[in-house]
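One structure is given below, encoded as structure tokens.
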Amino acid sequence: MTTLIGKKSTRSNEGNCVEVATPPEAVMVRDSKAAGSDVDVHR
């Protein structure tokens with residue numbers, strides 16, 4: 001299993017937070033204000 005580290009978007013503000021991780025084969029996005037939220041994977 002690979003551990004990914006998400007980076008908070010510079011466009012995030014109070015109430016609107018997005019984290020992005022970029023493994024080699026995809027881009028992964030999640031709503032970081034919602035603990036345990038689903039991750040959207042774009043290949």
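Points worth noting:
- Top positive-direction residue, dipole computed over the chain with Cβ charges, set Ala26, Asn13, Val39: Asn13
- Neighbour cut-off at most 15 other Cβ (10 Å), DSSP loop, GluC sites (Glu not before Pro), the chain: Glu14, Glu25
- Per residue, the Cα convex hull of the chain amounts to 79 Å³.
A short reminder: the numbers here are calculations on the coordinates, not readings from a lab. Note that the structure is predicted; figures quoted are calculated from it, not measured. Neighbour counts are summed over all protein chains in view; Cβ atoms, including those assigned to glycine, are modelled from backbone coordinates with ideal geometry.
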